[in-house]
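Structure first, then comments.
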Amino acid sequence: MDVYVLLFEGFETLDVFGPVEILSRIDNVRLHYISLSGGLIESRQGYCTQTEAMSVIAPNSVLVVPGGQGARCLMSNELFIATLRNLCNKAKNVLSVCTGSALLAKAGVLDGRNATSNKKAFGWVKSISQHVDWIKKARWVVDGKYYTSSGVSAGMDMSLGFISDLFGKEKAEQVACDIEYVWNNDKESDLFGE
């Protein structure tokens, strides 16, 4: 399975590398780090990652879209949003973490769907699109091929939920055990959404 992780300047490090740690434990996963133009991309925390240009992804792939302060700057970047829309349309599954769902909403791919996002930025995210049914009290939300998670660390719970949906709960629990992580496996249990 090909997993494409979309990076942009100012992405949130844990939004990316929490899910990457978990998804990389699926057999035969091939990870690709992509960006609009390729090259080194720096997270908000100063970590740099080498990326490939993101014009094309393999069929039946998974696209991971993080959030972070950099997501806000991309709202007016028409080329990025159009490219993201095309990538989402080609991907078999799309997983967004934190305010990555705001990028998906701006691209129009969440229209008519349920989704969630970071609760500290929830008002801003909701303002991006009124065509999305934003669920405030949710650790993560699944609607069709789209998985959206709450803030930062919730991406890890969502990624385990994704593994559970694809490969069974036992596999997800084994991955959580292997990384010594206490998985919140109830997607509706969200202390931050209250």
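Here, each number is a calculation from the coordinates, and none is a lab measurement. Remember, it's a predicted structure, so these values are computed and weren't measured experimentally. Neighbour counts are summed over all protein chains in view; Cβ atoms, including those assigned to glycine, are modelled from backbone coordinates with ideal geometry.
Looking across the range 65-98, the residues that are touching an Asp or Glu at 6+ places or on another chain (Cβ under 8 Å) and outside any helix (DSSP H, G or I) come down to 66, 67, 68, 97, 98. Scanning the range 121-169 for residues being among the acidic types (Asp, Glu) and surrounded by 19 or more Cβ atoms within 10 Å (Cβ to Cβ) gives a total of 1.
Within the range 86-144, if we keep just the residues that are among the charged types (D, E, K, R) and without any contact (Cβ under 8 Å) to a residue 24 or more places away in the chain, the residue that is farthest from residue 163 (Cα to Cα) turns out to be 126. Considering (1) surrounded by fewer than 21 Cβ atoms within 10 Å (Cβ to Cβ); (2) in contact with a Cys (Cβ under 9 Å, 6 or more places away or on another chain); (3) under 15 Å from residue 15 (Cα atoms), the lone condition that residue 70 does not fulfil carries the number (2). Filtering the range 170-189 for residues that are buried (at least 17 other Cβ atoms within 10 Å of the Cβ), closer than 17 Å to residue 100 by Cβ and touching a Lys or Arg at 6+ places or on another chain (Cβ under 6 Å) leaves a non-empty set. Would a scan of the range 3-11 turn up a residue that is within 23 Å of residue 181 (Cβ to Cβ) and in contact with a Pro (Cβ under 7 Å, 6 or more places away or on another chain)? Scanning the range 3-11 turns up at least one residue that is within 23 Å of residue 181 (Cβ to Cβ) and in contact with a Pro (Cβ under 7 Å, 6 or more places away or on another chain). For the range 8-53, residues that are within 16 Å of the chain's Cα centre (by Cα) and of a type in the set (A, V, I, L, M) total 7. On the stretch given as the range 111-134, residues that are assigned to a loop (DSSP other than H, G, I, E, B) and under 13 Å from the mean Cα position of the chain (by Cα) total 3.
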